[in-house]
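The values are calculated or read from the model by the stated rules, or taken from the named source; none is laboratory data. Everything quoted here is computed from the prediction, not taken from an experiment. Because the Cβ atoms are built from the backbone with ideal geometry, glycine has one as well, and the counts that use them run over all protein chains shown. Just so you know, the surface numbers come from the protein's heavy atoms only, side chains and all, with ligands and any DNA or RNA stripped out. Shrake-Rupley method; radii C 1.70, N 1.55, O 1.52, S 1.80 Å.
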Protein chains: 2
Amino acid sequence: MNSWFWFRLLHYRETLIGRDIISLARTLYSSHQYSQIESGFDKKSGHRLKREGHFGKKNRERISTYLYNMASPELEKELAPLRAAVKEFGDLIRCLKEKDAPKTDIDRAVVELKARKKKLEERELALVPKNVSFFDRLKFEDLLKQRFFYDQSFAIYGGVTGLYDFGPMGCAMKANMINLWRNHFVLEENMLEVDCSVLTPEAVLKASGHVDRFSDWMVKDLKTGECFRADHLIKNFVEKMCEDIKTPASVKEELKEVMTKLEGFNDADMHNVIMKHNIKSPMTGNELSEPIAFNLMFPTMIGPTGDFRAYLRPETAQGIFVNFKRLLEFNQGKLPFAAAQIGSGFRNEISPRQGLMRLREFTMCEIEHFVDPNNKTHPKFEQVKDYNLMLFSGCNQMDGAPAQTLSIGDAVAKKLVANETLGYYMVRVHKYLIRTGIDPKRMRFRQHLTNEMAHYACDCWDAEILTSYGWIECVGVADRACYDLLQHSKATGEKLVAEKVLSEPKIVQVIEAIPNKPVIGKIYKTEAKQIFARLEQLTPEEVEKLEKEIISAGNARIQCGDKIVELQKDYISIKRYEKKMHTEEFFPSVIEPSFGIGRIMYSVLEHSFRQREGDEQRVYFALRPVVAPIKCSILPISANSRFEPIMAAVRSELAKFSVSYKQDDSSGSLGRRYARTDAIGIPFGITVDFESESEPWTVTLRFSITMEQVRLKVSDVGKTVADLSSERTSWSEVQQIYPKFEQKSGA
Amino acid sequence: MNSWFWFRLLHYRETLIGRDIISLARTLYSSHQYSQIESGFDKKSGHRLKREGHFGKKNRERISTYLYNMASPELEKELAPLRAAVKEFGDLIRCLKEKDAPKTDIDRAVVELKARKKKLEERELALVPKNVSFFDRLKFEDLLKQRFFYDQSFAIYGGVTGLYDFGPMGCAMKANMINLWRNHFVLEENMLEVDCSVLTPEAVLKASGHVDRFSDWMVKDLKTGECFRADHLIKNFVEKMCEDIKTPASVKEELKEVMTKLEGFNDADMHNVIMKHNIKSPMTGNELSEPIAFNLMFPTMIGPTGDFRAYLRPETAQGIFVNFKRLLEFNQGKLPFAAAQIGSGFRNEISPRQGLMRLREFTMCEIEHFVDPNNKTHPKFEQVKDYNLMLFSGCNQMDGAPAQTLSIGDAVAKKLVANETLGYYMVRVHKYLIRTGIDPKRMRFRQHLTNEMAHYACDCWDAEILTSYGWIECVGVADRACYDLLQHSKATGEKLVAEKVLSEPKIVQVIEAIPNKPVIGKIYKTEAKQIFARLEQLTPEEVEKLEKEIISAGNARIQCGDKIVELQKDYISIKRYEKKMHTEEFFPSVIEPSFGIGRIMYSVLEHSFRQREGDEQRVYFALRPVVAPIKCSILPISANSRFEPIMAAVRSELAKFSVSYKQDDSSGSLGRRYARTDAIGIPFGITVDFESESEPWTVTLRFSITMEQVRLKVSDVGKTVADLSSERTSWSEVQQIYPKFEQKSGA
């Protein structure tokens, strides 16, 4: 267990004040204590697991002491001015918006707001006492590398930043997370899963806006042409300067100010900083170019001619949008429906860092839920309305207030979350993350501030997970309105719309230009037909315009193919009438939950990393069985060929239920071999010992997290481990069925 | 059932002659009759399924008649000269090889051999009587499109050839095929699965040979720059000319000759044809360029500088090779082991055609089995040695003889298949294809002729599947020797080798150049250390050379860093001694089974396509449950809300076992709704009827292929369908447990 959880408590501050602190502390403590093992995975049985190992008395004391500290007025006193500073600018922005102030003024204020928010968050994180913070990232990363969960791609060729290869453990874990996703969303929500091309023609991404807008600011060394991401360059410069004792204090202060605002900077802002502080190319000292937009898509060409420009898709979503008509038809024309896609996305980051957090090639899972824009209710919302989420709303962010726990029902009722469908997906996302093994205490939904959202989005909430890198955005849940379908319709002329039956027929006013066919036919001869067709196509507005012109000027012109045709007064008559409409066409809105699987996987691994109490060298992953790369180990108590028939029987039992296993019959002590399987997150261990040989054959089954064991018949082992692995059965249920086994020596 | 199966019988010709034809015909017929339903999927119970529906009396008669025809001497008489013509060139090539004739002569002969083989095969296929050939590709493709199994990508933007999107049905089926692959290979064979980057630096693909050799011949319109694949261009030209009544018969004859040889043509051959027949650009009539090699990899750039060239991987194999050291370490240094990868490959085909058969973006599954080149036995070979495969050896191909059925044990013993590991994988591949639903009668392994193989391969067998496009290569099983590891070692200086303990220690002769340290130290001072290091690195050959030079000239030079150092006679002494080696380093050989999932999927769909007897409009897919996109349907007998509680109970039972389902409560008749679910290959149908309401609730369960039904409790339905879907239980077993249900009306 590590300490990041306790950060979260800062956000309980307000709830804590004026309550029975000790009882609340106990509740929180005990709920955390079990969260890794129990939540979801053991929730069916409702039994509490017996604690052993990593939750010792020492930790308990440390934690309670800490909780008292957290509620102390001293701490709040320290944060209060920072909170006030945020609120000051939050209020200012509200005021500016009310007054319809110019956008640039608002943008400036937002940059300052973000800077102040960042200061507050940094202070909150810094307030965690050192003695409860013992996540050892170095040990963690060592373990991942050693056991080949993942590692840099093409390392023997010097490696490529932003590209990672998943080894046997990482690959299996990723596949399990994806299978779980497919079950949780596609299967349980009856979604239409598709699998579309990575190669995407330029025209598609032009329509979606990626060709013009999907870019980062970059500066170039004017002599060597070397490129740097502008914000990273400035950040590195500031860090270097601030470490330098020769830098005057005033400059340091100014540079620190730059750092806090950097996230909101545009090209001009960055250029100003570069010029003012005379920043040069870090390798050569050469002059730098002005910041230029660098498109983050990987370009390529399809076919041999060299003129069919294409890109690797930066997101899977567009593949769903361009298939909208087929999917709607597959769904028999009915809305709402959700389509989903699992696949690779590609972003040519200028200088990727932080491992799986920022990759050039990554696995995404995206859902596009198409819904009537006038009715975003969700049929299953009722079932989840009491589900609690930690929400960090835009309002709270602007007030410098912490996130708050709220039921999704209340959040939608209060209009904090824009609609039921959005809210329903937030709950589903939350449940998925918990099923993968994310600590619920280190998770929140943060609302995008109005200025952060894409211009077309109505509301957007990011599921953020707290890791040693800070709060990381892992899932975005956005209401994209009808932007994408509209854009592709415009670009292709294909109407990507749905049709709905009106609850009661609607009376619409129709205005038509009726041609006087004999007259037009006589004058325009073969062209007449085309003119009739054109007149039929005119929009109501065009007919109105035509009518006005004829009334005022006696004639009017219309474009007809390549020609302009002049119509005299007696060529047409204007007809007005009412029409009863029973259906209506509309562009559906899209609610989009979008998952970065690599980031979630990294977070799961970090939240599952453990060190055995009393033996901190013995590190392991307490992974949930359903995501664990390998479900069980098979260990003979000693390397002896007499065990082989029993082990063969065990293997065949496991194969019957498609349970993955790793056999370790090397000569190490049983304890050492257990440690080795724990280190790669194998949740269950089957041991064949001397007792196994009495008929009917039995083995022991060990649960790695608690290190408890039971003894069961070989013929039961396949089904039992299969049920445990799919989390249909809990460990405590297994313990109730089979006798406990106590090891003689302490392995 | 369609007729392609009967093609295969041609290959039984020799077996048929001189036997009891009728009894053999019966055996073959009955084995085919059940093969779709029974093989594997029903093998546990051993029960024969009751036939209904598509295997009617009419077909049986037609088939037996056909079998008599097949054995007729007339048919053999017709094929005999073609067989002889092939053998003539087969013998010629053998003779040329024996005489060590020039390679160009052999190549020419091979072109002719292939042409003759093609004629033989075409004749064999043409001999199938029209009345047993009723696979309707048009209806088949309509169904795939209508139900969105897959369709062209970006169709609303005009589409891109060679790119396909998989809709809900295709996507689910593909995912199931991949899961089955993972179970069948990764899990059951304990492989190390990895997941590597698609983006691949140029250096990697330079080493593997793809940058220089992975290309097709292309010609360009000299004015417009439009590109054509040279062989396709010639083929189209020939077809047009042969249809034209104005073309003289002699020219037609000549062009037909070109067609048969086209496959073996090089650039000069193709250029000659283009010049001789004055072939122009088909659109413009402009002159064409000479054939130029067009590299089939998609190029891109990594990072912003524009100088880091990369490609999208053309195969997943290279990702495994560059990770060899990590994988070997993961496997604790032990050989043999197999690594596997599932992922996308990309090939920029010049002009892709034939749907899923030739894509620009496709899913591959590849295995690299690393093994000691001196010991390619396989521990599990004994278990499969009696397994029969249809083998079309290089020898048979050169003799114009048909493929033959042989046990893999015999094939390896006869050296027909190079080694046990290769043979073991051929069996595993065969079993996998049958598990997906490929008709075993329409499958063969064809050996590459020596000239077809990559220059580094020792032996290669393609699993070919017979479809309406002819025999299609779907899996390649190749012994790649140590080519790739060696290439990457050369390119990176990283020794990609394994180490083995020698059965008895080996005495090796060591020769070393021992520096006279005081002397060298005095002369070269600070550089001395570098010289000592260099001397230590010298290979035995280099030391020998050094010794010779010093003896003959009194001094010698060695390259030392950037400098050349002169060594006098007294600077060094040469030491020779014997050393006992207990281990030995070596480059492992690689056996590579490589699967094209799209092609297999297409073949499965074609082999599973059926029309209901008596109602040929009623088409459906008889998919095996394990690959079926959706496992079952839920149909209320009529749209009535009183059924909703029972349907909810059914849904929750299915969800418990993660069984996918499709509910159809639309108003159509039950029969029509069954037909709709049959059409998308849903194997099982659950119907809620009026009888369902008596406690305990029951439903009927229908098997789509036989249309038989049983009645069972709602509480049993989840487990039953889950077991049927994973093929742990067969339909006949279910029939023995639950009472038969007879529908009143014929749905």
Can you tell which of A:SER726, A:LEU180, A:ILE279 lies farthest toward the positive end of the dipole of chain A, using +1 and -1 charges on the Cβ of basic and acidic side chains (Lys, Arg; Asp, Glu)?
A:SER726
Excluding ligands, DNA and RNA, what is the solvent-accessible area per residue of the range B:630-737 at a probe of 1.4 Å, expressed in Å²?
35
Once you sort the root eigenvalues of the Cα gyration tensor of the range B:364-459 as a ≥ b ≥ c, which label holds: rounded (a/c under 1.5), prolate (a/b larger than b/c) or oblate (the other case)?
rounded
Interface residues, the range A:150-173 - accessible area loss of 30 Å² or more versus chain alone, probe 1.4 Å
A:PHE154, A:ILE156, A:TYR157, A:VAL160, A:LEU163, A:ASP165, A:PHE166, A:PRO168, A:CYS171
Does the range A:216-295 classify as rounded, prolate or oblate by the C-alpha gyration tensor (a ≥ b ≥ c root eigenvalues; a/c under 1.5 gives rounded; else a/b over b/c gives prolate, otherwise oblate)?
oblate
Cα centre as origin, Lys/Arg/Asp/Glu Cβ charges: the range A:524-663 dipole, Debye
660
From the C-alpha gyration tensor of chain A, pull out the three semi-axes of the equivalent ellipsoid (sqrt of 5λ each), sorted largest to smallest, in whole Å.
55, 35, 28
Just to make sure I understand: if all protein chains stay in place, what is the order of B:ARG673, B:ARG347 by accessible area at 1.4 Å, largest first?
B:ARG347, B:ARG673
Leaving out ligands, DNA and RNA, what percent of the accessible area of chain B is carbon and sulfur, probe 1.4 Å?
51
Rounded to the nearest 20 debye, what is the charge dipole size of the protein assembly as shown about its Cα centre when +1 sits on each Lys and Arg Cβ and -1 on each Asp and Glu Cβ?
1560
To the nearest 10 degrees, how steep is helix A:597-608 against the longest Cα principal axis of chain A, on a 0 to 90 scale?
30
Can you give the accessible area of B:HIS369, probe radius 1.4 Å, in Å² rounded to 10?
10
Go ahead and run the numbers for FRET between A:GLU549 and A:ASP372, Cβ-Cβ distance against an R0 of 51 Å, rounding to 0.05.
0.85
Between helix B:540-553 and chain B: long-axis angle, C-alpha atoms, 0 to 90°, nearest 10:
20
Please give the helix B:73-98 orientation as an angle from the longest Cα principal axis of chain B, in degrees from 0 to 90, rounded to the nearest 10.
10
If you roll a 1.4 Å probe over the heavy atoms of the protein chains, what accessible area per residue do you get for the range A:483-603, in Å²?
60
Take the Cα pairs of the range A:630-737, get the Kirkwood Rh, then feed it into Stokes-Einstein at 20 °C and 1.002 mPa s and tell me D in µm²/s.
158
Could you give, in nm with one decimal, how far B:THR224 is from each other copy of that position, shortest first, with labels 7 Å out from Cα toward Cβ?
4.7
Can you find, among A:ILE408, A:LEU96, B:LEU125, the residue sitting farthest towards the positive end of the charge dipole of the protein assembly as shown, where Lys and Arg contribute +1 and Asp and Glu -1 at Cβ?
A:ILE408
In terms of the ratio Rg/(2.2 N^0.38 Å) built on C-alpha atoms, what value belongs to the range A:507-579?
1.06
Which distance in nm do the two modelled labels at B:LYS740 and B:LYS579 give, with both placed 7 Å along the Cα-to-Cβ direction?
7.9
Show me you know the interface measure: the accessible area buried between A and B, both chains summed, probe 1.4 Å, in Å² to the nearest 100.
6500
Which entries of A:LYS441/A:LYS656; B:LYS506/B:LYS575; A:LYS656/B:LYS719; A:LYS174/B:LYS145; A:LYS220/B:LYS223 have Cα-Cα distances beyond 27 Å here?
A:LYS441/A:LYS656; A:LYS174/B:LYS145; A:LYS220/B:LYS223
What accessible area, in Å² to the nearest ten, does a 1.4 Å probe give for B:CYS474?
10
Other-copy label distances relative to B:VAL251, 7 angstrom Cα-Cβ extension, nm:
8.4
I need the shape label for the protein assembly as shown. Rule: rounded when a/c is under 1.5, else prolate if a/b > b/c, else oblate, with a, b, c from the alpha carbon gyration tensor.
rounded
List B:TRP217, B:TRP181, ordered by accessible area with a 1.4 Å probe, largest first
B:TRP217, B:TRP181
Förster-model FRET efficiency, 56 Å R0, A:LYS325 and B:PHE586, C-beta, rounded to 0.05
0.45
Quick one: what are the phi-derived ³J(HN,Hα) couplings along the range A:717-731, Karplus 6.51/-1.76/1.60 with θ = phi - 60°, whole Hz, x for glycine and proline?
6, x, 5, 4, 5, 4, 5, 5, 5, 8, 6, 6, 10, 9, 4
Under the Kirkwood approximation applied to all pairs of distinct alpha-carbon atoms, what is the hydrodynamic radius of the range B:598-667 in Å?
14.5
Give me the extension gain from A:GLU695 to A:LYS380: residue separation times 0.36 nm, minus the current Cα-Cα distance, reported in nm with one decimal.
108.2 nm
Among A:ILE245, B:TYR483, A:MET601, whose Cα lies farthest out toward the positive end of the dipole of the protein assembly as shown, if unit charges sit on the beta carbon of Lys, Arg (+1) and Asp, Glu (-1)?
A:MET601
Unit charges on C-beta of K, R, D, E only; dipole of the range A:216-295, Debye:
220
Defining the label point at 7 Å along Cα→Cβ, can you sort the distances from A:ARG612 to the same site in each other copy, shortest first, in nm?
6.4
Could you tell me the accessible area of B:THR260 in Å² (1.4 Å probe, neighbours in place), rounded to the nearest ten?
30
Distance histogram in 10 Å bins (all Cα pairs of the range A:185-236, percent per bin)
18, 23, 27, 19, 11, 2
Taking θ = phi - 60°, what integer Hz values does the Karplus form 6.51 cos²θ - 1.76 cosθ + 1.60 yield along the range B:459-470, in sequence order, with x for Gly and Pro?
7, 8, 10, 9, 7, 9, 10, 7, 10, 5, 8, x
For the pair B:LYS240 and B:GLU499, what calculated FRET efficiency results from E = 1/(1 + (r/R0)^6), where r is the Cβ-Cβ distance and R0 = 51 Å, to the nearest 0.05?
0.25
Can you name the residue in chain A whose Cβ lies closest to the A-to-B rotation axis, and give that gap in whole Å?
A:THR300, 2
